[in-house]
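Quick notes on the structure that follows.
The values are calculated or read from the model by the stated rules, or taken from the named source; none is laboratory data. Here the structure is a predicted model, which is why all the values come from computation and not from measurement. Heads up, the Cβs are rebuilt from the backbone with ideal geometry, glycines too, and the neighbour counts pull from every protein chain shown.
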């Protein structure tokens with residue numbers, strides 16, 4: 001009887017400590033866990049976007065999201081992504097994923113964050129520029145759920161190897177939890 005009560009008390013204490021750790025943890029830890037969960041969920045049938053399910057209302061968190069996720073989970077999501085790519089001002093998030101096989105020519109980047117609000121994207125862009133790193137903003141990136149984001153990336157890099165080599169240093173320099181997701185930057189818009 002005492003052993004059962006002790007075990008129950010231990011489980012409750014462990015649960016309380018995990019709850020406190022989750023609520024008091026630095027945002028970067030949650031970003032890394034959520035990004036990994038999204039990448040894993042992309043390979044599970046019927047799994048949704050973990051980020052969208054867990055994300056509180058308010059500003060977006062940098063370093064996670066649609067560009068880090070895998071392929072669309074359903075035919076409807078694929079159709080939505082295709083429709084977004086055909087609209088002149090939107091870009092399907094799946095188009096930022098590194099394709100296999102690699103394209104003969106491409107510009108690669110490190111995703112520093114994705115933001116629902118332009119002010120947040122501009123702040124990260126300014127932070128990257130103040131660190132004397134090349135920066136790009138990719139506006140109107142549409143995720144599987146139809147939400148529009150602005151992706152802020154460090155780059156372009158001429159090769160995937162160059163981007164991988166810079167990844168750790170860039171994450172440390174910007175104070176982000178690394179490694180940062182590698183993305184394929186879109187070709188510049190033709191005017």
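Pairs please, first residue from segment 12-35 and surrounded by 11 or more Cβ atoms within 10 Å (Cβ to Cβ), second anywhere and at pLDDT 65 or above, Cβ atoms under 8 Å, 6+ apart in sequence or on different chains. Partner pairs satisfying both residue conditions: 28/176; 28/177; 29/177; 30/22; 31/177; 32/177; 35/181.
Residue-by-condition table, conditions (1) touching a helix residue (DSSP H, G or I) at 6+ places or on another chain (Cβ under 6 Å); (2) touching a residue at least 40 places away in the same chain (Cβ under 8 Å); (3) surrounded by fewer than 21 Cβ atoms within 10 Å (Cβ to Cβ); (4) in a helix (DSSP H, G or I):
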site: 150; (1), (2), (3), (4): yes, no, no, no
site: 153; (1), (2), (3), (4): no, yes, no, no
site: 161; (1), (2), (3), (4): no, no, yes, yes
site: 165; (1), (2), (3), (4): no, no, yes, yes
site: 169; (1), (2), (3), (4): no, no, yes, yes
site: 173; (1), (2), (3), (4): no, yes, yes, yes
site: 178; (1), (2), (3), (4): yes, no, yes, no
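The residues of segment 115-148 that are part of a strand (DSSP E or B) and either without any contact (Cβ under 8 Å) to a residue 12 or more places away in the chain or under 16 Å from the mean Cα position of the chain (by Cα) (or both), listed by number, are 115, 136, 137, 138, 139, 140, 141, 142, 148.
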